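In what follows, a structure is listed as structure tokens, so that the remarks can point back to it.
We did not get these values from a lab; they are worked out from the coordinates using the rules stated. The structure presented is a predicted model; accordingly, all values stated were derived computationally and were not measured. Here the Cβ is made from the backbone with ideal geometry for all residues, glycine too, and neighbour counts use every protein chain on show.
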Amino acid sequence: MKSNRWDDAYARRARDEKWLARSVYKLQEIDSRFKLMRRGSRVLDLGCYPGSWCQYALGKVGPGGDVVGIDLKRPTHLTSHRFRFIQADVMALEIQWLVREISLRDLVMSDLAPPTSGIRAADESRSLALAERAAEIGGALLKNGGQFLCKIFEGGDLNPFKAEVSSRFRQVRLFRPKATRKRSREVYLIGEEFRD
Ligand SMILES: C[S@@+](CC[C@H](N)C(=O)[O-])C[C@H]1O[C@@H](n2cnc3c(N)ncnc32)[C@H](O)[C@@H]1O
């Protein structure tokens, strides 16, 4: 098969190892460094399609935990009874409905990404809006002491966003995993120990 520019070593490895997307290697690296989840954890995954982060989380949390995923698109290869999918636009989702519908979470993670336009300022501001929404959902759904992980594009508003999130967590850090594509401007924000 002819390879294209997206068909890099991580993508090939993901196919060989039966992961649903190469992005799993970013979560794997972040989790091994920041210890985001453990057996029994309850996880919420925002922007979960095609499902590699959920796949990873289901393996990590084991039979005592569960994973809820939200996306515009339904992942078709996740069948575990410990996985619940909610098809929704996170920007329109009623947060109080979600609070009634699922239990509080040990980890809220977001790999939400807007379709990129190539116009830098527009892409940054759409990414920021999704990250702010993820933080708002995390604020409503996280247990005291819970963890938060969120993708955001680097840009002018990253530092104010980090400062805003910092007031709710013991510590907030930024991290760029090795599997991030060289030309990508994405970075991950990790909030440790949510203060309710
Ligand atoms: C990079 S992909 C996530 C990949 C996923 N972490 C995995 O490992 O399979 C980003 C996802 O965000 C979703 N998304 C973007 N905007 C959204 C919105 N407003 N509401 C819900 N999902 C959204 C897209 O549909 C897309 O599936």
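For the reader, a short list of remarks on this structure follows.
- Of the residues Thr116, Thr76, the one with the fewest other Cβ atoms within 10 Å heads the list, and the complete ranking is Thr76, Thr116.
- Ratio Rg/Rh, restricted to the chain and using Cα atoms, in which Rh is the Kirkwood radius: 0.94
- Formal net charge of residues neighbouring Ala129 (Cβ-Cβ distance under 14 Å; K, R +1; D, E -1): -4
- Applying a threshold of 21 Å to the alpha-carbon distances of Lys60/Lys143; Lys151/Lys182; Lys60/Lys182 flags Lys60/Lys182 as lying beyond it.
- Around Glu29: net Lys/Arg minus Asp/Glu count, Cβ-Cβ under 11 Å: +3
- Dipole in debye (nearest 20) - the chain, about Cα centre, beta carbon charges: Lys, Arg +1; Asp, Glu -1: 760 debye
- Summing +1 for each Lys or Arg and -1 for each Asp or Glu among the other residues whose beta-carbon sits under 14 angstrom from that of Leu78 gives +2.
- Cα-projected label distance for Arg183 with Glu164, points at 7 Å along beta-carbon direction, nm: 3.0 nm
- Cα centroid separation - region 5-39 against region 67-123, whole Å: 18 Å
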